[in-house]
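See below for the structure under consideration.
The values are calculated or read from the model by the stated rules, or taken from the named source; none is laboratory data. Predicted model, so just to flag it, every value in this text is computed and none were measured. Cβ placement follows ideal geometry from the backbone for every residue including glycine, while neighbour counts extend to all protein chains displayed. These accessible areas exclude ligands, DNA and RNA; they are computed on the full protein's heavy atoms, side chains included. Shrake-Rupley method; radii C 1.70, N 1.55, O 1.52, S 1.80 Å.
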Amino acid sequence: MGSPVTTEKPGRQAAPPGPRGSAVSTLLLETMRRNMRQYGMLIALTLIVVLFAIWTDGVLLQPNNVTNLVLQNSYILVLGIGMMIVIISGHIDLSVGSLAAFVSAACAVMMVEHDVPWVLATVIALVIGAAAGAWQGFWIAYVGIPSFIVTLAGMLLFRGGTQIFLGSRSIGPFPEGFQKISTGYLPSLGPDTNYHNLTLLLGLGLLVFALAQEVRDRRRQLSYELDVLPRSLFLTKCVAMAAAVLAFTLTLASYRGVPVVLLLLAALLIGFGFVMRNAVVGRHVYALGGNQAAAKLSGVKDKRVTFLVFVNMGVLAALAGVVYAARLNAGVPQAGVNFELEAIAAAFIGGASMSGGVGTVFGAIIGGLVLGVLNNGMSLVGIGTDYQQVIKGLVLLAAVGFDVWNKRKVGS
């Protein structure tokens, strides 16, 4: 006789291991860990804005003050983008402030003393910046002198050149078209709506572009079977992004509209952001900063990439010098003092690492805005420049200290 067959009453199935809620939490924590510096600086920027908005009774967020924030920090943001790329590649550039001053002095001499048209003078200024970057890039990439030494020499050289051009005098004023590079606004179009209509259209266009980019990136990650944020968190992120863009757009549109220099910054952010994320040369910059020996073995032309990084930095330093000269409406011997320190601070606060290979162009903008809001907010509440320097130094130290702590935590 066969053994009797036993049956069990069907009962509730055991809960599968690793519930969905735990998986979502794990994914969220992992995403935060991978992007800790960038998210951390975004949160810090938000808290600083809220703090000073309360402290100044809302003056910080007044449309005219927000516009002034953009205009006052535009040249530092331009330098910060270039400096971020230099630091990602594993180098440093101490000459950018002096080069910006040298270019602004050259523009002043060309336009005021030699009647060179401002468009041609601007083009020549950018060529001067590219040549200066190529000069420094040659010594760094092909001769092998450390970038700290080469750019320190460049800082002295270009500062001396500025003094030779200007002596102790200021040269100005400049043509109106040149001034509008830094102080101009987009024209008003359409009916009177109490808002700047063209700014509203640009803001809506930016919002559509940003949301489409987020959706596209999410679909691409799913196609490669990569981890993505849960749908609810992704929608929350999109709503927060839309609210920020709309608030900024309405603030600008209620004053004089979009400054010309803000369009320039947007073009640089989009262009360099795409290059660093998607272009081959951008990937090579990250690879070179992350591990130069491995990058060379992988076929990266390290000397060529380093050379191009410094040429690019030279062009952006020249552009910053043009923007600064247009804002002052004069070439002055004191231009560019400490610009290099502000740019380096913006890069490190925005997520760069001393070891290279880490950082984003967007992070440089966030870092520059943190410094800009700190400067503006502290000035509005009457904090002296001496204490402002102390506070900015502590912020920079905290940002780099957080980077070191985060690396040790991840490595452990």
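The rule of thumb for compact globular proteins, 2.2 N^0.38 Å, goes into the C-alpha radius of gyration of the stretch 190-258 1.41 times.
Packing, taken as the mean count of other beta carbons within 10 Å per residue, orders the peptides 343-353, 173-183, 130-140 from highest to lowest as 343-353, 130-140, 173-183.
For a label point 7 angstrom out from the Cα of K237 toward its Cβ, which stretches of the stretch 195-220 have the backbone nitrogen within less than 13 Å? Correct set: 211-220. Here the contact order of the chain, divided by its residue count and restricted to Cα pairs under 8 Å and six or more residues apart, works out to 33 percent. With both labels modelled 7 Å from their Cα along Cα-to-Cβ, the L120 to A53 distance reads 4.9 nm.
Extension gain for the segment L222 to L204, taken as residue separation times 0.36 nm less the Cα-Cα distance, is 3.8 nm to one decimal. What aspartates and glutamates sit close enough to K237 to cross-link, taking a C-alpha to C-alpha distance under 19 Å and skipping anything fewer than 8 places away on the same chain? Leaving aside aspartates and glutamates fewer than 8 places away in the same chain, those within reach of K237 are E30, E214, D217, D227. Here the spin labels are modelled as points 7 Å beyond Cα on the Cα-Cβ line, and at A267 and R169 they lie 3.4 nm apart.
Element breakdown for the chain at a 1.4 angstrom probe: carbon and sulfur atoms account for 66% of the accessible area. What distance in nm lies between label points placed 7 Å from Cα along the C-beta direction at I145 and S188? Computed distance between label sites I145 and S188 equals 5.5 nm. Taking amide H atoms as placed 1.01 Å from N in the peptide plane, the amide H of Y185 lies under 5 Å from those of V260, each 5 or more residues away in sequence or on another chain. Picking from G144, G177, Q163, whose Cα lies most toward the positive end of the charge dipole for the stretch 28-187 (charges on Cβ: Lys, Arg +1; Asp, Glu -1)? It is G144, whose Cα lies furthest towards the positive end. Angle of helix 36-55 to the longest C-alpha principal axis of the chain, folded into 0 to 90 degrees and rounded to 10: 60°.
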